[in-house]
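Take a look at the structure below.
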Amino acid sequence: VWAEKTIIVKIKNESTNLSFLEKIIGDYDLQKLIDSRLLDMPTRKPQDNLQSYINYTQSLSKIYKLTYNSNYPTEKLIKYLNSLPIIDYAESLPSRVLCFFPNDTLFNQQYYLNKIHATEAWDSLDTQDTVIIGIVDTGVDYRHDDLMDNIYTNPGEIGLDSLGIDKRENGIDDDGNGFIDDWHGWDFVSDSLGQDNDPIQGNGHGTHVAGIAGAVINNTTGIAGTAKNVKLLAVKVGSDNPLSNSISDGYNGILYAAKMGADVINCSWGSSSYSQAEKEVIDFANSLGSTVIAAAGNNFYEGPFYPAAYSNVVSVAATDSNDFKAGFSNYHYTVDVSAPGLEIFSTLPWNTYGIMSGTSMASPMAAAVA
């Protein structure tokens, strides 16, 4: 029994037939990399350049995941496909993992807010407009007492429909964006259902990240988030397994957040593998008006870490409480800014709190500053 292999292929013409590959790799499965609903989904922000929008949509529609189950080496297949004039590019499907180190020791303090002068910023930005931060991660405990008031709710999927049924659970795509009942985000990687409208956490990482960025301030409960006047759009792209540290569908998660109107999108995950397809998705998100912030990685090495290292992503390294580079943090010329990432106290699932360390923690702090 051969291990299942998956690569990314972008064809130059959507009508291209790849059936000739059966003679090389046997049976294979070809699926669109980007959910077609996202390509059809209208964006929440007005677009100045309609032709650019159309070009991005058409380009992403030509990218596929090719999965096969034989002993044919993926490296050899990628090289062969890249030699064909009908193929734009072929590449490995990159693995993406969370950028944190869990720590069970709890301290009732948030040194990092004073370190970055957050309270002074709150005073000067007290009347700012509400900003949407997309938390593209392992899901968020939106029921947490310190998060629930700052969770983004989709105005097109709340209230009562014409039959008097709550739009949140009427099984109808009330706002016409292709995602049924997505009143508070979306789960792209539900283990049992494939996808659903419940972005509740698997791993608690996403809840910790969300609290750093936007826990409710001045509510006599728990901690304060880094930024005031934010709404957190929960986009789950990780497994339901609370022990899993893998990110499975960042491509669709980033594009969903952008089309839903996220001003800032946080990605506290990555790896050293470059992906042209991932960069195309982020290019599109940028064109829609979203700033993408990402963790620089925790490998303690000098080198690029993706998606943070793409030129149009803000890459965030981690510092400690003394403003020195955190020992675990990557460093590289692609790093744009640094933020505290050592022993960061924030929200965890089930109305709890705890400390985590990593560039995963530095990234949402920078996202909130942005």
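The values are calculated or read from the model by the stated rules, or taken from the named source; none is laboratory data. Keep in mind it's a predicted model, so treat the numbers as computed, not measured. Positions of Cβ are generated from backbone atoms using ideal geometry, with glycine treated the same way; all protein chains shown enter the neighbour counts. Heavy atoms of the whole protein, side chains included, go into the accessibility calculation; ligands, DNA and RNA do not. Shrake-Rupley method; radii C 1.70, N 1.55, O 1.52, S 1.80 Å.
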Residue list for segment 204-233, filter: of a type in the set (G, A, S) and within 21 Å of A258 (Cα to Cα): G206, A210, G211, A213, G214, A227
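If we scan segment 86-104, do we find a residue that is open to solvent by less than 40 Å² (accessible area, probe 1.4 Å), in contact with a helix residue (DSSP H, G or I) (Cβ under 9 Å, 6 or more places away or on another chain), modelled with pLDDT of 95 or more and in a helix (DSSP H, G or I)? Break it down stepwise before answering.
Here is the first cut: in segment 86-104, the ones open to solvent by less than 40 Å² (accessible area, probe 1.4 Å) are 87, 89-91, 94, 96, 98-100.
From what's left, in contact with a helix residue (DSSP H, G or I) (Cβ under 9 Å, 6 or more places away or on another chain): 87, 89-91, 94, 96, 98-100.
In the following step, the residues that additionally are modelled with pLDDT of 95 or more were identified as 87, 89-91.
From what is left, the residues that are in a helix (DSSP H, G or I) are none.
Taking every residue of segment 86-104 in turn, none turns out to be open to solvent by less than 40 Å² (accessible area, probe 1.4 Å), in contact with a helix residue (DSSP H, G or I) (Cβ under 9 Å, 6 or more places away or on another chain), modelled with pLDDT of 95 or more and in a helix (DSSP H, G or I).
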Enumeration of residues in segment 341-370 that are surrounded by fewer than 24 Cβ atoms within 10 Å (Cβ to Cβ) and of a type in the set (A, V, I, L, M): L348, I355, V369, A370
Hits in segment 204-216 - residues which are of a type outside the set (V, I, T) and either under 14 Å from the mean Cα position of the chain (by Cα) or over 13 Å from S246 (Cα atoms) (or both): H205, G206, H208, A210, G211, A213, G214, A215
Residues of segment 168-183 satisfying the condition of being farther than 18 Å from K45 by Cα and touching a strand residue (DSSP E or B) at 6+ places or on another chain (Cβ under 7 Å): R168
Given (1) out of contact with any Leu (no Cβ under 9 Å at 6 or more places or on another chain); (2) farther than 15 Å from H144 by Cβ; (3) surrounded by 24 or more Cβ atoms within 10 Å (Cβ to Cβ); (4) not basic (K, R), number of the condition D187 does not satisfy: (1)
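Every residue, every condition in (1) closer than 22 Å to I116 by Cα; (2) modelled with pLDDT of 95 or more; (3) in contact with a helix residue (DSSP H, G or I) (Cβ under 8 Å, 6 or more places away or on another chain); (4) not acidic (D, E), yes or no:
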{"site": "W183", "(1), (2), (3), (4)": "no, yes, yes, yes"}
{"site": "H208", "(1), (2), (3), (4)": "yes, yes, yes, yes"}
{"site": "V216", "(1), (2), (3), (4)": "yes, no, yes, yes"}
{"site": "L243", "(1), (2), (3), (4)": "no, no, no, yes"}
One residue from I151, I158, I180 being of a type in the set (V, I, T), open to solvent by less than 30 Å² (accessible area, probe 1.4 Å) and within 29 Å of H205 (Cα to Cα): I151
Long-range neighbours under 8 Å by Cβ, at least six apart or interchain, first residue more than 17 Å from A362 (Cβ to Cβ) within segment 285-303, second part of a loop (DSSP other than H, G, I, E, B) and of a type in the set (S, T, Y): L288/T43; G303/S272
Where a residue in segment 40-52 is under 23 Å from N252 (Cβ atoms) and open to solvent by less than 70 Å² (accessible area, probe 1.4 Å) and its partner, wherever it lies, is modelled with pLDDT of 90 or more and outside any loop (DSSP other than H, G, I, E, B), with Cβ under 7 Å and at least six apart: M41/K259; T43/K259; Q47/Y53; S52/S287
One residue from L113, L66, L77, L81 being of a type in the set (A, V, I, L, M), open to solvent by less than 60 Å² (accessible area, probe 1.4 Å), under 27 Å from the mean Cα position of the chain (by Cα) and modelled with pLDDT of 95 or more: L66
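For the structure I just gave you, tell me whether D149 is part of a helix (DSSP H, G or I), out of contact with any Cys (no Cβ under 7 Å at 6 or more places or on another chain) and more than 25 Å from I34 (Cα to Cα).
For D149, the condition - part of a helix (DSSP H, G or I), out of contact with any Cys (no Cβ under 7 Å at 6 or more places or on another chain) and more than 25 Å from I34 (Cα to Cα) - is met.
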Pairs, first acidic (D, E) in segment 240-256, second in a loop (DSSP other than H, G, I, E, B) and surrounded by fewer than 18 Cβ atoms within 10 Å (Cβ to Cβ), C-beta under 8 Å, six or more apart: D240/D191; D240/S192
